[in-house]
Structure formats: C-alpha cells, structure tokens
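The values are calculated or read from the model by the stated rules, or taken from the named source; none is laboratory data. Here the structure is a predicted model, which is why all the values come from computation and not from measurement. Reconstructed Cβ throughout: ideal geometry from the backbone, glycine too, with neighbour counts over all protein chains shown. With ligands, DNA and RNA removed, areas are computed over all heavy atoms of the protein, side chains included. Shrake-Rupley method; radii C 1.70, N 1.55, O 1.52, S 1.80 Å.
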Amino acid sequence: MNALPPLQERALAALSAAMPADLLLTEGEALERYSRDWSGEHYGRPLAVARPRSAAELSRLMAFCHEEKIHVVPQGGLTGLVGAAVPSYPGGEVVVSLERMNKVRSVNPIDFAMVVEAGCILEDAKRHAEAADCILPITFGAQGTCRIGGNVSTNAGGFNVLRYGMTRDLVLGLEVVLADGRIWNGLRTLRKDNRGYDLKQLFIGSEGTLGIVTAVALKVFPKPEQVETALVGLASVDDAMQLYARARRQCSDLLTAFELILRGGIEIAINARDDLPDPLSEAYPVYVLIEASAAGRVDLRALLEGFLGDASDLVLDGVIASSKAQGDRLWLLREMMVEAQGRGGRYLRTDVSVSISSLAAFVGDTLEALSQKHPEAIAVTYGHVGDGNIHLNIVPPVGMPADQFDGLFHATEEVIFDVVDKHGGSISAEHGIGRVKQDAFLKRADPLTLELSRRIKDAFDPRHLLSEGRILASADGLAGGRE
C-alpha cells in the first residue's frame with residue numbers, strides 16, 4: 001500500500017489516537033468495500049472508515065474532525081448513482097458508515113409512525129412496519145441494500161410516489177449530528193408542529209452536506225388488504241397519458257403506481273431471463289404497469305376491471321394478475337429491465353422530470369432529437385408517470401469501443417438535458433446532484449439560488465468539512481465536477 005501524504009498521515013494518527021480502537025477501520029482490504037458505490041463507476045479510497053454505534057459516539061467523532069479540520073463524508077448503502085457518498089476530496093476524507101446504527105426503535109400503529117436509526121436497511125424497516133399491520137411505502141429496487149438515512153439524505157422516490165409522495169412527504173422528524181458535533185434533536189412524531197422554521201426539511205435531500213442524519217421518524221399507513229396489478233399495451237405515450245388521467249379520476253387515491261415502459265425496456269427484461277416470457281400476446285410500442293391497493297370493503301378488482309373495460313378505446317391488450325405471485329411476475333419485468341441494462345457494461349443513467357402534462361411531448365421530443373443527432377445510441381425509456389419522472393437511459397451500440405463511451409454519454413446527456421430545459425423540467429428528479437450532476441446543475445441554477453444555497457452551507461458547515469464538493473462546488477475548488 002502506498003504511503004499517505006504527510007498531512008493525511010498526521011490526520012489519521014490524530015484520529016486513531018483520539019477514537020476508540022473498534023470505531024475506526026484504517027487498514028488495507030477493510031477499506032475497500034467503502035470505496036466504490038453500487039454502480040461500480042465511482043471509486044475513492046477513504047482515509048479511514050468510522051462506524052459509530054450511537055449519535056453520541058458520532059458526535060464525539062465529528063467534534064474532533066471539526067477541531068482538526070478533517071474532511072468527512074457520510075455513507076449508507078452506497079446505492080446512490082451520483083457519487084455523493086464515495087470519498088473524493090483530494091486531501092482525504094473519513095467515511096462515516098451508519099451500518100451499526102441499524103435499529104428500529106419503535107412502530108406505533110395508533111400514531112401510524114415509526115422511529116428508525118439511519119443505518120437500518122429499508123427492507124428491514126418495511127418488515128417491522130408490516131409486523132404491526134402497517135406499511136412503510138418507500139419502495140424501489142435497491143430496498144434490500146439501501147439504508148434509511150440515505151433515503152432521507154437523497155429524498156428518495158420510487159414506485160409509490162404517486163400515492164404517498166417522496167421521502168420528504170413521509171418524514172415527521174429527524175435526529176442529526178451537525179458538522180461541529182452538536183446533536184440536533186428534531187425526532188418527533190407530531191403531525192402538526194408549526195413552531196417557526198421546519199429545519200428538518202433542510203436536511204432532507206441535502207446529500208449529507210449539512211449534517212449526518214442518525215435517526216428518522218416516518219409516517220406509516222394501514223397495510224392494504226387488497227392489491228391488484230395489471231399490465232396493458234398501448235399505441236403511444238399520448239395514449240398512456242390519457243389512460244393515466246382517467247385512472248386518477250376513476251381509481252382515485254387507490255391508485256398506487258402507474259409505470260410507463262417503452263417496448264425496448266420490455267425486450268431488455270425478457271431477453272435477460274429465459275423464464276420471463278413476453279407478457280402479452282403481441283408486442284406493443286408502449287406498456288403501462290398499474291397497481292391499486294385498498295383496505296376495507298372496496299371491491300378493488302371490480303373497480304380495476306371496470307376502469308380498464310371503459311378504456312378499451314386506448315388499451316389494446318392487457319392482463320390483470322390473478323394472484324400475488326402473478327403480480328410479482330409483472331413487477332419483475334420492471335425490475336429486470338433496470339438490472340439488465342448494465343449487464344453489457346456501462347450505460348448513461350438519467351433521472352429527469354417534467355410536468356405530467358408535458359411528459360408525452362418530452363419523450364417524443366427527446367427521442368426525436370437523439371435519433372437525429374446520435375442515431376447510434378440505444379435509448380431505454382421508462383418512468384413514474386404520476387410524478388412526471390422519466391428515466392431515459394443510453395446504452396452504447398454493440399461493438400462501440402469502450403474509450404468512446406464517455407463521449408457518447410456526455411453528448412447524449414446534453415441532448416436530453418436541453419429538451420428538459422425546453423419543457424421547464426429538472427435534470428434530477430430523485431437521484432440527486434452529488435458530483436456527477438454538479439456541472440449540469442451549476443450551469444442551470446440561477447445566481448440567487450446559488451447564493452442562498454451557499455449561505456445555508458456556510459451556516460451549517462462553516463469550515464466546509466462535510467461532504468465538500470457535492471451539489472455545490474468546493475469552496476477551495478479542489479473537489480466536485482464530472483468524473
């Protein structure tokens with residue numbers, strides 16, 4: 001292993017001397033699994049890895065790092081896709097892994113609230129909620145790996161935003177260790193609390209740049225007694241949007257998910273697994289995966305059948321799952337499409353949003369612009385219709401040399417983002433900015449937004465030691481930007 005530069009060596013020695021021996025990892029292979037994120041594309045070696053067991057232990061660590069001017073980056077399940085949690089600061093960063101702080105402290109089925117430590121894996125938290133006959137509705141493919149603190153710090157979205165909102169909408173309270181080690185205790189389960197500024201909202205979606213979330217109070221909901229899933233084929237994205245408008249009116253708040261998938265995504269999924277057949281009798285340009293759920297005495301299946309029957313002018317073919325297992329198989333198409341994109345190597349991920357009414361035009365305009373400027377690029381299009389969030393990804397053509405990938409990705413991303421700008425949308429709907437999207441974010445942010453954002457950063461982290469160079473450019477210009 002190469003020797004550390006003198007400044008990093010001194011920082012590590014001071015940290016090791018001040019902290020309990022079992023708090024820090026400092027050697028060789030022990031650091032490796034904290035060096036690369038889920039995508040495999042973002043790598044950075046930590047100066048050390050701290051694994052606190054409590055907010056008090058983390059508080060002591062952060063106070064020391066603040067005093068000694070040691071840079072820190074918090075880390076959850078490493079399932080983010082924008083490089084925010086991977087160490088990157090040139091002077092070295094200590095990774096704070098929340099993996100030991102993984103308890104579910106309480107689930108209250110009368111308050112319909114639960115309190116969870118930041119290192120708890122999302123799937124574990126969901127199981128605890130279900131044991132109390134409730135659901136925690138944050139749902140996406142990485143839920144078996146991602147951690148609650150990361151969900152909060154990135155304001156995670158997922159499949160159920162249509163009905164339950166983003167993570168921001170589910171957070172009732174937070175416990176946060178600040179950059180200087182002080183603990184802010186906003187961990188409440190109150191549904192109404194109008195005492196001045198709602199400080200917790202500043203930490204949600206801040207990607208670890210303002211403080212380290214250590215515990216979260218979350219809303220939970222009654223566990224549905226019925227879940228119905230359907231997959232339908234349509235002629236166009238315009239027809240899918242017409243179907244969505246009808247579904248919102250006829251299925252009302254029972255509609256849980258409304259996922260758009262273009263044919264290319266279906267083909268990726270069925271080609272990835274021999275046991276996953278083409279879901280309908282014919283191939284269609286556009287598919288929609290619909291889920292509705294309900295408790296109580298609603299005849300949910302009759303409602304969904306009636307809705308689809310009334311939409312026969314739009315729906316060309318479709319299937320309603322006859323069992324939970326069949327419903328899971330329909331969802332497997334959506335999950336395998338995402339998983340299989342990367343099996344052939346690197347690809348460009350985008351995560352954009354436009355107003356729901358602009359979604360069809362945005363998809364059409366973007367695919368047309370890509371076909372004209374980069375006909376060699378393979379576009380894979382899918383998204384969450386109910387919140388205007390589209391993932392329009394670019395897979396390199398077969399045979400393209402790997403050294404040409406970055407050029408293709410940069411050029412096609414510019415095309416996609418230009419169309420987003422045309423439709424007044426956002427270049428990041430749920431993944432965040434991190435380092436990967438920083439240049440594009442800074443290019444588009446207005447001066448006053450940047451000024452206010454920097455003031456907030458200065459107020460919470462005046463020494464700029466916490467996740468420096470994520471979202472905003474580093475104060476000293478050493479970190480951030482495209483990798």
Query - Test: residue in the range 246-255 that is more than 27 Å from M166 (Cα to Cα) and touching a residue at least 24 places away in the same chain (Cβ under 8 Å) - result: no
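Across the range 379-399, what is the total count of residues that are more than 20 Å from H431 (Cβ to Cβ) and either buried (at least 16 other Cβ atoms within 10 Å of the Cβ) or basic (K, R) (or both)? Step through it out loud before you land on a result.
Within the range 379-399, the subset more than 20 Å from H431 (Cβ to Cβ) is 396-399.
Retained after the next criterion (residues that are either buried (at least 16 other Cβ atoms within 10 Å of the Cβ) or basic (K, R) (or both)): 396.
Count: 1.
Got a number for residues in the range 104-148 being outside any strand (DSSP E or B), among the polar types (S, T, N, Q) and either open to solvent by less than 10 Å² (accessible area, probe 1.4 Å) or more than 30 Å from L15 (Cα to Cα) (or both)?
So the first thing to find is which residues in the range 104-148 are outside any strand (DSSP E or B), and the list is 109-112, 118-120, 122-133, 136-146, 148.
Okay, now just the ones that are also among the polar types (S, T, N, Q), so 139, 143, 145.
Checking the rest, the ones that are also either open to solvent by less than 10 Å² (accessible area, probe 1.4 Å) or more than 30 Å from L15 (Cα to Cα) (or both) come to 139, 143.
Matching residues across the range 104-148 total 2.
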**Report entry** Matching residues, the range 210-249, being open to solvent by 30 Å² or more (accessible area, probe 1.4 Å) and aromatic (F, W, Y)
**Finding:** F221
Query raised in the report: Could you count how many residues in the range 20-35 are over 31 Å from the mean Cα position of the chain (by Cα) and either open to solvent by 80 Å² or more (accessible area, probe 1.4 Å) or at pLDDT below 80 (or both)?
Result: 1
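One line per residue, one yes/no per condition, for (1) touching a Ser or Thr at 6+ places or on another chain (Cβ under 9 Å); (2) surrounded by 19 or more Cβ atoms within 10 Å (Cβ to Cβ):
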| residue | (1), (2) |
| --- | --- |
| D317 | yes, no |
| K324 | yes, no |
| L333 | no, yes |
| M337 | no, yes |
| D351 | yes, yes |
| T366 | yes, yes |
| K373 | yes, no |
**Report entry** Any hit, the range 190-209, residues being within 24 Å of the chain's Cα centre (by Cα), buried (at least 19 other Cβ atoms within 10 Å of the Cβ), polar (S, T, N, Q) and in a loop (DSSP other than H, G, I, E, B)
**Finding:** yes
Query - Residue count, the range 72-103 (criterion: of a type in the set (A, V, I, L, M, F, W, C) and assigned to a strand (DSSP E or B)) - result: 5
Query raised in the report: Any chance the range 300-312 includes a residue that's out of contact with any helix residue (DSSP H, G or I) (no Cβ under 6 Å at 6 or more places or on another chain), under 19 Å from Y382 (Cβ atoms), buried (at least 19 other Cβ atoms within 10 Å of the Cβ) and touching a residue at least 40 places away in the same chain (Cβ under 8 Å)?
Result: no
Query raised in the report: Given the conditions (1) surrounded by fewer than 24 Cβ atoms within 10 Å (Cβ to Cβ); (2) touching a Phe, Trp or Tyr at 6+ places or on another chain (Cβ under 9 Å), which single one is not true for R168?
Result: (2)
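Is at least one residue of the range 328-340 among the small types (G, A, S) and without any contact (Cβ under 8 Å) to a residue 12 or more places away in the chain?
No.
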Query raised in the report: Among (1) modelled with pLDDT under 95; (2) not in a loop (DSSP other than H, G, I, E, B), which single condition is R454 missing?
Result: (1)
Requested in this report: Could you tell me whether any residue of the range 54-67 is open to solvent by 10 Å² or more (accessible area, probe 1.4 Å), charged (D, E, K, R), in contact with a helix residue (DSSP H, G or I) (Cβ under 9 Å, 6 or more places away or on another chain) and more than 19 Å from Q438 (Cα to Cα)?
Outcome: yes
